[in-house]
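To start, the structure under review is shown below, and the notes come after it.
The values are calculated or read from the model by the stated rules, or taken from the named source; none is laboratory data. This structure is a prediction, so every number in the text was calculated from the model and none was measured. Note that each Cβ is placed from the backbone with ideal geometry, even for glycine, and that neighbours are counted across all protein chains shown. All accessible areas refer to the heavy atoms of the entire protein, side chains included, with ligands and DNA or RNA removed. Shrake-Rupley method; radii C 1.70, N 1.55, O 1.52, S 1.80 Å.
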Amino acid sequence: MKLGIRHLVLILSLLALLPAAVQAQTTVNLGYKVTDDHIWQYDGFYVTADMRAGAAIRVTKEMYASYIGATVKSLRIGWGDPGSAGKATLFARTVLADPGTDFATSAVCTIKNDNRGSWNKCDFDEPFVLTDSLGDFYVGYYADLKANQYAFSTLYPHYQPGAAFLWRDEAGYNYDAEGHEIWEDQNAAGTLAIQLVLTVDTEANKNKAAITSLLIDPVQQKGTRSAGLMLMENRGTNTISTIEVTTSMGEEKYSETTRLSSALAVGKQATVVVPIQGIGTGDVTVSITKVNGKANNMESKVARPVLCIDPQVAAGYTRRSLAEFFESESTYYVPTYYDKYFYPGYAKYKDRVSLVAHHLNDQFMTGDDEETSMMLALARGDSSQVSLPAQMIDRTPQFQYSALGCDIPFMSIVLPDFSGVLYEEALVRPTCVSANVEATYDAQTTEGIVNVSGHIAEGAMGGERLNVTVYLLEDNVYTDSQEQSDLGKGEYIHNNVVRLRLTPMFGTPLDVTEGDYRMAFDYFVEPEWKLEDMRVVAVVSRDIAKHGYRNANVMNCAEMSLGVFSGIRALTAEESGELFDMLGRQVKVSGSLPRGLYIQNGKKVMAK
């Protein structure tokens, strides 16, 4: 049967009358990364008097680049006040301080907290489309707040630029001289619970995965695969079961597929252990290149600085790790956590790991409570991350116990049955630096010198200058002012107390970047310190100020007991008797003796 032209035209005309195929659409939420999106009624911002206030976030083009063409119909808002419902009016604008730049608004929308933690969805009067030309913009809402109610909910993490702006209608804080609104950047206090609700094409947005944070070992061995801890988010419209992770530096790249422990639903996040290849020293790029076996439908990559050590170089160095314990006499559970939990796990490794105890805000702190400053520096100023007691290994985040999306190097106390994994992880990290420490002591003046020496493999650090920190520690330190559970202040014996730090907090620079190094530091011993219970610990680490808080890594450390000087007296010119060095060899005296320790009449003496 043949169709003529007249029949074909008729068929095409009939087809044109059929309804067009409807594209499948999916709703996704877009905002700042969060470690938990549950709304808590006591986490948020409040005002001290009833007033109108505003909350907003900045939406960057980078955030929505993979959703160009999507329609924004609503905002998802967390409301923290369980006592009363809020009345919100939405806005989307290009200049935060100028409501005249609004391009989308809403009528009043009721938002509330149902006492279990509530997100609310409020619609704009007119939806808007995310376009290439839109650029960065702001979204948020105004609401009338009740005094002392945590209405504007916040989430973790803190310190995400653009994640929290606040305005309040209070004299001196509401408008500037030109009549513009005064918005305060409060990202240090948390991430506002505000998200865009997007409507996207289902098919076009399949297989999208984003890296929201990545923790990798900043010191790696070249040519060896290590583990990284990735917080990823499903930004597509289908579940994710596998991802391909690619590590690259320059033209060199390695890819490997990782299967998730369970399928990741749309809009959800998961922590995934991923393979990281040791390629070289410099910025390594880690990216998700495939999702469910197909190309990732969005670009997602992060760069991290890495020090990569050649295995032949690493084989020539023995590494000693550093454990640090943070405590305070005002914290009553320190004795229990140290004696029952921390130390039993550490004791198995004390021959390979040095230990320093930092006291915060008590009689054993150094300087003007420099230990608190140290913890805040390592937490990048986020005081919410600082709690006691805490522990740290090599000033490096430990993958086994890192919180979701957290790269702060100290952590809560790990139980002894599980802490072995933490120490083993640290001890296998390669190094290209040796460290030795020697000390002298003058019993007459109670002063001495600490010499720190070692070798840095030629070319291994790429010109990076390391720092050395030197501690004078004492064990068996009695106190009667340690807070204790149900007892109030009581007796306790502290160990590893920092009596003196001979360098700045994070060390003083070594005099070379490669080859042999040697540095000397003077010290003194106070009358109440017991020399037989003291030791010196020297720590060689990377420069935290130059390389960032992820990279304050300890490259090696060494220690020496000062107990060898206990009972030593100074040698005087009038004394007689044969002299021997510390190896038992007789010393022939001709003129002045070299400074150091000797044995005379069976006792240790020191020549100054």
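Listing for the model above:
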| quantity | calculated |
| --- | --- |
| Hits in region 52-93 (condition: closer than 29 Å to residue 179 by Cα and surrounded by fewer than 19 Cβ atoms within 10 Å (Cβ to Cβ)) | 52, 60, 61, 87, 89 |
| Single condition residue 150 does not satisfy, out of (1) hydroxyl-bearing (Ser, Thr, Tyr); (2) touching a residue at least 60 places away in the same chain (Cβ under 8 Å); (3) part of a strand (DSSP E or B) | (3) |
| Entirely in region 356-462, the strands (runs of 3 or more DSSP E) that have 3 or more residues that are closer than 26 Å to residue 228 by Cβ and touching a residue at least 24 places away in the same chain (Cβ under 8 Å) | 390-393 |
| Any pair with Cβ under 8 angstrom, 6 or more apart, that starts in region 521-544 at a residue that is without any contact (Cβ under 8 Å) to a residue 40 or more places away in the chain and ends at one that is assigned to a helix (DSSP H, G or I) and open to solvent by 20 Å² or more (accessible area, probe 1.4 Å) | 532/563 |
| Residues that are open to solvent by less than 30 Å² (accessible area, probe 1.4 Å), closer than 20 Å to residue 371 by Cα and in contact (Cβ under 8 Å) with a residue 40 or more places away in the chain, drawn from region 485-511 | 494, 496, 497, 498, 507 |
| Subset of region 233-261 [assigned to a strand (DSSP E or B), among the small types (Gly, Ala, Ser) and modelled with pLDDT under 95] | 261 |
| Residue 63, sole failed condition from (1) hydrophobic (A, V, I, L, M, F, W, C); (2) free of Cβ contacts under 8 Å to residues at least 40 places away in the same chain; (3) under 15 Å from residue 192 (Cα atoms) | (3) |
| Residue match in region 94-104 (condition: open to solvent by less than 10 Å² (accessible area, probe 1.4 Å), part of a strand (DSSP E or B) and touching a Ser or Thr at 6+ places or on another chain (Cβ under 9 Å)) | no |
